[in-house]
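These notes are about the structure you will find just below.
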Amino acid sequence: MTQTRPARAALTLGPIAYHWSPRIRRDFYARIADEAPIDAVYVGEVVCSKRAPFVEDALPEVVERLRRGGKRVIHSSLAEVMLPRERKATAALVAEDALEVEINNAAGLLGADGRRHRIGPFMNVYNAETLDELVRRGAEHVCLPVEMRAPSIALMAARGQQIGVGIEVQVFGRAPLATSARCYHARAHGRTKDNCRFLCEKDRDGMPLTTRDGSPFLRVNGIQTLSETYVALGDEVAALQAMGVSHLRLMPELVDMVAVARLFDGLRCGTMAPDEATARLAELSARTPLSNGFYHGKPGHRHLVAQA
Amino acid sequence: MPFDEPAIAELVCPAGTPAALRTAVDAGADAVYCGFQNETNARNFPGLNFTPEELEASVAYAHDRGAKVLLALNTYPPAGRFALWRDAADTGARLGVDAFIVADIGVAAHIARAHPGKRLHLSVQAAASSPEAIRYYCNEFGVRRVVLPRILTIPEIRKIKREIPCEIETFIFGNHGLMVEGRCSLTNYATGCSTNMDGVCSPAADVEYAREEDGSLSTRLGAFTIDRFGPGDTAGYPTICKGRYLAPARPEGYYAFEEPVSLNLSQLLPELIDAGVNAFKIEGRQRSRSYIRTVVSTFRDAVDDIRAGVLPDMADLLALTEGQKQTQGAFETKKWR
C-alpha cells in the first residue's frame, strides 16, 4: 500500500505584536526578506491603534522589501475595534482591493462581505460550522486560536482540505492570551491609555510579570497579555502536516528569527530531527522557556517531551 | 413576533439553579438567564445549572409569572464537540425558552437556520464592541439584542445605539471582568481548562490556598501564585486578572490588571436608559439565593422608580456592595482605560 507523503506546509511570519520602532522594523524585515525561508509575512499593527501611525510609517518600504525577497505580504487588521479611528482603519483596510487582508475583528467582516480575505487568530474559529459560515462570505484562509487542542486542529485541517481553505497554526512565539480595553503598560506607570506616552516602546520584549514567589508568568504588551513562554511546536510539525495543516506561523520575538525559521524549514522538509530542532530552539530562546501544553490539552505553559 | 416592541429597562437576572430561578422571578426579574449542566455555557461549575427536566419546569414557572427565560449557549464549541451545542439549542427550543444567548458564529448560524422564530441575543463573549461588528451579527443571523462588552463609556453606548438595528443589554452589577470576554485564555494557560471551550474561569479544582512559613497565605491557580495575603488579610479567590504581581517598575507587587472590585452602575441607571440601553444584566449565576433575592428586589424597586419618574433610593443600591470595593468601570470615564 502506498502512502502519500503529506504536503509540505508553508511557513509564515505573523505580525509583530510589540511596539518596535520603525527603524527596528525596517531592519528586522530586511533580514527576513533576504535570509529567512519564509513564504508569507503578515504586517501591520494588530494590538494598539495608537501605535498604528508609527507602524504605517515604515510599512511601504517594508512591504516592497519583502516582496522583492519573494514573500507574499498580508495586511493584518486590529484585534480590538471600538474607537472611531479603529473603526475607520478597519473599514479602510478591508475595502482595499489591491491588498490581501487578514481580519482579526468581526467589525472587518461587515465590509469584507464577498471579498476574498483571511481570518486571523483573534476571530475565534473553533469549529467547522463557523469556518463554513465565514468561507461562504469570502474567507479563504484561517489561522486557528492559539489554545486549540490537537484533535480539533486535525478536524479543522481536514475540513480545510475538503473545501480548499488554508488552515494555519502558530508554532512559535509567545501565545496571545488576552486583550483588554485598558492599557496595562500605562497602568504599571500610573498612567492611562490616553496619556500613555508610548511607554511600551521601551519594552521590546514585553513587560514581564512575575508572581509574588518569583515565577515568571506573563508579558504585558500594552492592552495585550502574552505568555511568558514561547509556544514551540517543533516536535509536532510532522503531525500537523499529516493532519493537513497548510501553514505554520512563527511570531516575531527578540531572538534570531532567521535561525528559528531555518529550524522550522528543516522540520517541515523532514531534513532535521525534531529532538535536535527543539534542543536548538531552546538554545536560541535562552532564558525563555518553551511550551506546547495547549496543543496537548494540558496547561498552556507546560512543555511536554515527545514520547520516543 | 418579529416586530415586538423593544424592551424598556428589562431586568435580566442570573439563575444558577432552579431554586435561584424561582427566587429571581419572585423578586421581580423580567427575565432570567441560565444554562445546561455542561460546557455549552460560560458558568460550567459543579453544582450549577439545569437538567432539561429542570429547565422545562423552570420555563413553566417563569412563564406563569410573566418572566422570560434566556438560555446561555455562550461558549465556543471546539471541532468534534459541536453536537453538544446543537443538541442544547434544539432542546432549549423544544422546551420553549424565549431567547438564546450565543457567542459562536457556528452556533448562531445553526439556531438561525433550525429555529428561525427564536430570538438570538449576542453574548458579551462575542466581544462585539463596534456598530460594524454588531451589524454583522444582525445581518447574518438576525440577532435581536447585543450584550455589550464592559469597556464602553455611556457616550460611546449612545453612539452605538444610533447605528445598530437591535436592542442593547449592559451589565450593571456583579463581578467585573477585565479582559475582553471571549478572548481570554489565561485560565487555560495556567490550568488546561479553557474559558472559551470548557466554560470555566479559575476552576475550583485547580485552586489552592497555601500557608507559608511566615504566616502569610498564598492563593494559587495551577502552578502559579496569584496573590499572597498577610495574616490579618482576607484572601480573595485566585483569578488571574485580579492577582498581584511584580513588574520592573513595581517591584513591591501590585494589581497589574485591576483591583478586586465589583461593578455597580446603580447610580447610572437613568443615564443608561437615556443612552438607549434596553436591558440591564445582573451578573452572578454562582451566587446564593439570598444574594439573588436582595439584589434583584433592590434593582426591581430602583427600575420601577425610574420608570415612574422618581429618583431611586441610592442608599439601598450602594449598600449592596457594602464592605466591598466597587467601580463604575469604563462606563463613567474613559480614564479607566
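The values are calculated or read from the model by the stated rules, or taken from the named source; none is laboratory data. Owing to the predicted nature of the structure, the values given are computational and were not obtained by experimental measurement. Cβ atoms come from the backbone with ideal geometry, glycine included; neighbour counts cover every protein chain shown. Note: accessible area is taken over every heavy atom of the protein model, side chains too, but ligands, DNA and RNA are not part of it. Shrake-Rupley method; radii C 1.70, N 1.55, O 1.52, S 1.80 Å.
If the condition is being more than 9 Å from chain B (Cβ to nearest Cβ) and crowded, with 16+ Cβ neighbours inside 10 Å, then region A:162-198 contributes A:VAL165, A:GLY166, A:ILE167, A:GLU168, A:VAL169, A:GLN170, A:VAL171, A:PHE172, A:GLY173, A:ARG174, A:HIS185, A:CYS196. For first residues located in region B:133-154 and more than 8 Å from chain A (Cβ to nearest Cβ) and more than 26 Å from B:GLY329 (Cα to Cα), partners that are open to solvent by 20 Å² or more (accessible area, probe 1.4 Å) and in a helix (DSSP H, G or I) and lie 6+ apart or on another chain with Cβ distances below 6 Å form the pairs B:PHE141/B:ALA112; B:GLY142/B:ALA112. For region B:240-252, the candidate set comprises residues that are within 8 Å of chain A (Cβ to nearest Cβ) and without any contact (Cβ under 8 Å) to a residue 12 or more places away in the chain; within that set, the residue that is surrounded by the most Cβ atoms within 10 Å (Cβ to Cβ) is B:TYR245. Can you tell me which residue within region B:256-273, out of those that are out of contact with any Ser or Thr (no Cβ under 7 Å at 6 or more places or on another chain), farther than 30 Å from A:ALA188 by Cα and in contact (Cβ under 8 Å) with a residue 60 or more places away in the chain, is nearest to the other protein chains (Cβ to nearest Cβ)? That would be B:GLU271.
Scanning region B:25-38 for residues that are in contact with a Lys or Arg (Cβ under 8 Å, 6 or more places away or on another chain) and either under 24 Å from B:ARG145 (Cβ atoms) or assigned to a loop (DSSP other than H, G, I, E, B) (or both) gives B:VAL25, B:ALA27, B:GLY28, B:ALA29, B:ASP30, B:ALA31, B:VAL32, B:TYR33, B:CYS34, B:GLY35. Among the residues of region B:65-112, just one is of a type in the set (Lys, Arg) and either touching a strand residue (DSSP E or B) at 6+ places or on another chain (Cβ under 8 Å) or buried (at least 24 other Cβ atoms within 10 Å of the Cβ) (or both), namely B:LYS68. Restricting B:ARG162, B:ARG144 to residues that are assigned by TED's automatic domain parsing to the domain that holds B:LEU318, of a type in the set (Lys, Arg), surrounded by fewer than 23 Cβ atoms within 10 Å (Cβ to Cβ) and under 24 Å from A:GLU86 (Cα atoms) narrows the list to B:ARG162. Applying the criterion of being assigned to a strand (DSSP E or B) and in contact with a helix residue (DSSP H, G or I) (Cβ under 7 Å, 6 or more places away or on another chain) to the residues of region A:55-79, the residue that is farthest from A:ALA10 (Cα to Cα) is A:HIS75. Within region B:202-214, not a single residue is facing chain A (nearest Cβ under 7 Å) and either crowded, with 24+ Cβ neighbours inside 10 Å or at pLDDT 95 or above (or both). Among the residues here, B:VAL277 qualifies as open to solvent by less than 30 Å² (accessible area, probe 1.4 Å) and farther than 20 Å from A:ALA178 by Cβ. If you go through region B:190-200 and keep only what is free of Cβ contacts under 8 Å to residues at least 40 places away in the same chain and either more than 9 Å from chain A (Cβ to nearest Cβ) or assigned to a helix (DSSP H, G or I) (or both), you end up with just B:THR191.
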